[in-house]
Amino acid sequence: MEILQPPHWLKPRGYSNGMAAKGKIVCIAGQVGWNAEEKFETDDFVGQVEQALRNIVDVLAEAGGKPGDILRMTWYVTSKEEYVADRKGLGAAYRRVMGKHYPAMTAVQVTALMARRAKVEIEATAVVPD
């Protein structure tokens, strides 16, 4: 896996501007912060993020992948304010699940998500080495 970073750009924090890899492409549908039984255990934003990331890792494992194989993530959040309110807690939750792997990421605020209590939904694309 190769990080793509133009040398004259400032280095991003907590994500990469681009990634390149060879192998089996794995597309993971948007995951919300509910458990395997589709039940929310918390309405806390950071808690839902951590569960959504665990869900991504579980799906990726079915393809033989691990967090370091993720190239791109798109985060859909219902509140920009909640997203930025606890950056330290958010970063800690991210690292507990994903380690220090920071793929290309985009975050978008949306008015609502399809799962009624969801505050975040995260899609991921990974490349599992052959």
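Name the residue, out of Val97, Val46, that is closer than 16 Å to Lys119 by Cα, surrounded by 15 or more Cβ atoms within 10 Å (Cβ to Cβ) and touching an Asp or Glu at 6+ places or on another chain (Cβ under 8 Å).
It is Val46.
Report whether or not Gly23 is within 19 Å of Met105 (Cα to Cα) and either under 19 Å from the mean Cα position of the chain (by Cα) or surrounded by 11 or more Cβ atoms within 10 Å (Cβ to Cβ) (or both).
When the stated conditions are applied, Gly23 does not pass them.
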Over segment 1-16, the set of residues among the aromatic types (Phe, Trp, Tyr) and within 24 Å of Lys88 (Cα to Cα) is Tyr15
So, Val57, is that one more than 25 Å from Met1 (Cβ to Cβ) and under 13 Å from the mean Cα position of the chain (by Cα) or not?
no
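Is it the case that segment 75-93 has a residue that's among the polar types (S, T, N, Q) and more than 28 Å from Met1 (Cα to Cα)?
Our first condition is that a residue be among the polar types (S, T, N, Q); within segment 75-93, this holds for 78-79.
Applying the additional criterion that residues be more than 28 Å from Met1 (Cα to Cα) yields 78-79.
The answer is yes, given that some residue of segment 75-93 is among the polar types (S, T, N, Q) and more than 28 Å from Met1 (Cα to Cα).
Scan segment 116-130 for residues that are surrounded by 15 or more Cβ atoms within 10 Å (Cβ to Cβ) and not β-branched (Val, Ile, Thr) and jot them down. Spell out the reasoning first.
First, the residues of segment 116-130 that are surrounded by 15 or more Cβ atoms within 10 Å (Cβ to Cβ): 118-128.
Residues satisfying the conditions are Ala118, Lys119, Glu121, Glu123, Ala124, Ala126.
Can you list the strands (runs of 3 or more DSSP E) lying wholly within segment 27-130 that have 3 or more residues being in contact (Cβ under 8 Å) with a residue 40 or more places away in the chain? Spell out the reasoning first.
Numbers: elements: 70-77, 104-109, 120-128.
Ranges flagged: 70-77, 120-128.
A short reminder: the numbers here are calculations on the coordinates, not readings from a lab. On a predicted model such as this, the values are computed, not experimentally measured, just so you know. In this analysis, Cβ positions are derived from the backbone assuming ideal geometry, glycine residues included, and neighbour counts consider all displayed protein chains.
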